[in-house]
Amino acid sequence: MGDKGKYYITTPIYYPSDKLHIGHAYTSTIADSIARWHRFNGKDVLFLTGSDEHGQKIERIATSLGVEPKAYVDRIVGTFKTLWDKYDISYDDFVRTTEDRHHKVVQEVFRRIYAKGDIYKDTYEGWYCTPCEAFWLENKLVDGRCPDCGRPVELVKEESYFFRQSKYADRLLQHIENNPEFIRPESRRNEMVNFIKSGLEDLCVSRTTFDWGIPVPIDEGHVIYVWFDALTNYLTGAGFLDDDAAFDRYWPADLHLVGKEIVRFHTIIWPIILMALDLPLPKTVFGHGWLLFGQDKMSKSKGNVVDPMELADEFGVDAVRYFLLREISFGQDGSFTRQALIDRVNADLANDLGNLLHRSVAMILRYRDGVIPETGPLTKLEKEVQELAGITAREVGRHIEALELNAALSAIWRLVGRANKYIDEAEPWSLNKAGNSQRLDTVLYHLGEILRILALLIKSFLPTTGSKIWAQLGIGDDLELTTFADTRWGGLKPGTRVKKGDPIFPRIEIDAVNEVEDVAAPDNRQKAGGEESMEKVASSDKPLVSIDDFAKLDLRVAKIKAAEPVSGADRLLKLQIEIGDEERQIVAGIAQHYQPDELVGKQIVVVANLKPAKVRGVVSEGMLLAASTADNLSLVTIEKDLPSGARVK
Ligand code: MSP
């Protein structure tokens, strides 16, 4: 492990001022994916997160709730940890700024800088933004408000300790110039250079008008300014003062990942504290953009805050992680909408990846009894997909090094797309029909092997999905223990037994939910629009389709084996049907027109190749045909008795 070196990555420590929203989950998901990738790449990773619990803002909230600040933060920090567990955030350590180990570090840092003569006492008179916990000079305010968040500022006048930031301004500028990797992306570097050049004031590093903080070690009437306290968590987490060997190994940090509004604290105050301590500076501070709700900033007052817990419960953690990583160009602002999330899941996860896995495993089961065959001689096609798999693995590594996460995922999905096309080109069904057994073996082996490599490449971003693919491939080895070297072609052992699994990402059919219910009658939720929409369906002029379009539908006779209501959905029934040898479950909006008992034994017609979908949380693997008017519905059935599975053309 150690031979490849270490990688120390941090998230900001979050304020327990409120519940975390999807923007916070964005920062942590990115950091987690980078951390996981470096572990996979053989690095000894330290991934740190935590909570920023002191300061005036937290004290005020606790007071307004009538609780002690410590009792208040304890409760909220518990919810952070639950959220990170839900999101599979694989942090190695969690620093709470109220912990003793951190208290000790902050006081020692203050003491050392004071002893050096870089902290002195004076009086501060100026403006303070409590939500940002930031001091502002009058000339930096915008319309008398905080230039960062636009909220009102307060005038404060108090005795304070000051940190001689100004003394280090030139050295900092020099460092930024000599180390283009220090502030990224470049646009933020330019902003910071301009900010420093416009003149650095000495920084106020203590407060006396409230108590909720770490006392100044030489003057107990003062508490240490919350950003001085917070930034120092990165030293605490690396073992400063506590574990010299760990600190020597992990410090300096390789990457501080932060949102754009706090780049200033991390690229000016933080490096200057470190310079005053004679410690090396972090290699990179990356300021990512904000996740907007549509075009707006998320905020409680606008009521557009998206709860990451609810989102993960509704769509699954990996679906949300995928959206966050893929949709937003890293470094820029991005927009969250439910529709964009649903579109991503359906197109990339259900359609492209889900179908590739489903088709491949189904064919290995059908044609080879589930056993991965030996590959035969390669054609141009196999050479091409093998080459692309190698290129993709290297490309993902390069993109992660460059912190281009969305590009890393695009590269992986290019391989997914190529593999789906390979199936269409190689036509395993025709090879089977023609008895071309050796060629069929080759194609099936290649599909299994591409999926194995995809599981490895995907697992840093979508950990559960990686494991699900691994499990369906039937590979016994622990996916956690694999490394980048395992992405080399040929790791899949012939003889491995694949396993049929559930679709990894059923399509999210928000519209289909309504459609299914519309077939019967309008659901209560949409009564007003329902009847009208049925009228439209009845009289609509749909575009002409070719016979080829129609032939894409696999219509079959099915026999209903069992039927039961779907709890909480009074229009829906869950049916177990038989199509030939296969048993399936479908959900249909027919409960207002048929009793479950009268359905059992009926022969119906179903669309057998409809992508699986979830309807009110229940998986539906097909759709039955029915004719309907506004108030009546009749199942489509067949006139003579034919075996189930018979084609309908
Ligand atoms: N406590 C400070 C950080 C101290 S680090 C030494 C803080 N906390 S925070 O809870 O307000 O924000 C934590 C992180 O979440 C920041 O990087 C911030 O940019 C990020 N985000 C908060 N809202 C966000 C979005 N809507 N979109 C993306 N990131 C967002 O600042």
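The values are calculated or read from the model by the stated rules, or taken from the named source; none is laboratory data. Nothing here was measured: the structure is a model prediction, and the numbers come from that model. Here Cβ is always computed from backbone atoms with ideal geometry, including for glycine, and neighbour counts include all displayed protein chains.
On the basis of being modelled with pLDDT of 95 or more, in the same structural domain as ILE372 (by TED's automatic domain parsing) and of a type in the set (A, V, I, L, M, F, W, C), does LEU457 make the cut?
Yes, satisfied.
Filter region 12-28 down to residues that are under 18 Å from GLY334 (Cα atoms) and near the ligand (Cβ under 7 Å from one of its atoms), then give me how many there are.
Number satisfying all stated conditions: 5.
Tell me which of these ILE76 doesn't satisfy, since it passes every other one: (1) within 30 Å of THR29 (Cα to Cα); (2) more than 30 Å from the chain's Cα centre (by Cα); (3) outside any loop (DSSP other than H, G, I, E, B).
The failed condition is (2).
When you go through VAL67, VAL77 one by one, which is the residue that is away from the ligand (no atom under 13 Å from the Cβ), surrounded by fewer than 23 Cβ atoms within 10 Å (Cβ to Cβ) and among the aliphatic types (A, V, I, L, M)?
Every option except VAL67 fails the conditions.
What is the number of the single condition among (1) over 27 Å from THR483 (Cβ atoms); (2) out of contact with any helix residue (DSSP H, G or I) (no Cβ under 6 Å at 6 or more places or on another chain) that TYR367 does not meet?
Among (1) over 27 Å from THR483 (Cβ atoms); (2) out of contact with any helix residue (DSSP H, G or I) (no Cβ under 6 Å at 6 or more places or on another chain), the lone unmet condition for TYR367 is (2).
Do we have CYS149 as under 30 Å from GLU99 (Cα atoms), at pLDDT below 90, under 35 Å from the mean Cα position of the chain (by Cα) and within 16 Å of the ligand (Cβ to nearest atom) here?
It is true that CYS149 is under 30 Å from GLU99 (Cα atoms), at pLDDT below 90, under 35 Å from the mean Cα position of the chain (by Cα) and within 16 Å of the ligand (Cβ to nearest atom).
Return only the number of the condition from (1) surrounded by fewer than 20 Cβ atoms within 10 Å (Cβ to Cβ); (2) under 23 Å from TYR91 (Cα atoms) that MET275 does not satisfy.
Result: MET275 fails condition (2) only.
When you look at VAL498, is it surrounded by 13 or more Cβ atoms within 10 Å (Cβ to Cβ), closer than 26 Å to ALA347 by Cβ, at pLDDT below 90 and not small (Gly, Ala, Ser), yes or no?
no
Based on what the data block shows, is LEU311 buried (at least 20 other Cβ atoms within 10 Å of the Cβ), outside any strand (DSSP E or B) and near the ligand (Cβ under 10 Å from one of its atoms)?
Judged against the criteria, LEU311 is not a match.
Tell me yes or no: at least one residue of region 350-361 is crowded, with 19+ Cβ neighbours inside 10 Å and without any contact (Cβ under 8 Å) to a residue 24 or more places away in the chain.
no
Out of region 389-410, which residues are loosely packed, with under 15 Cβ neighbours inside 10 Å and under 20 Å from ILE328 (Cβ atoms)?
ARG398, GLU401, ALA402
Those residues that are part of a helix (DSSP H, G or I) and either in contact with a helix residue (DSSP H, G or I) (Cβ under 7 Å, 6 or more places away or on another chain) or within 14 Å of the ligand (Cβ to nearest atom) (or both), I need them from region 314-328; list them, please.
PHE315, VAL317, ASP318, ALA319, VAL320, ARG321, TYR322, PHE323, LEU324, LEU325, ARG326, GLU327
Consider region 183-211. How many of its residues are outside any loop (DSSP other than H, G, I, E, B) and either crowded, with 18+ Cβ neighbours inside 10 Å or in contact with a Phe, Trp or Tyr (Cβ under 9 Å, 6 or more places away or on another chain) (or both)?
Residues that pass the stated criteria total 10.
Given the condition touching a Lys or Arg at 6+ places or on another chain (Cβ under 8 Å) and surrounded by fewer than 19 Cβ atoms within 10 Å (Cβ to Cβ), answer yes or no: does some residue in region 451-469 qualify?
yes
Could you look through region 220-236, keep only residues that are closer than 19 Å to ASP248 by Cβ and not polar (S, T, N, Q), and pick out the one that is farthest from the ligand (Cβ to nearest atom)?
Only one residue tops the list, namely LEU235.
Hey, any hits in region 29-49 for a residue that's without any contact (Cβ under 8 Å) to a residue 40 or more places away in the chain, more than 14 Å from the ligand (Cβ to nearest atom) and among the polar types (S, T, N, Q)?
No, region 29-49 has no match at all.
Within region 54-78, work out how many residues are within 21 Å of VAL106 (Cβ to Cβ) and hydroxyl-bearing (Ser, Thr, Tyr).
Final tally of qualifying residues: 1.
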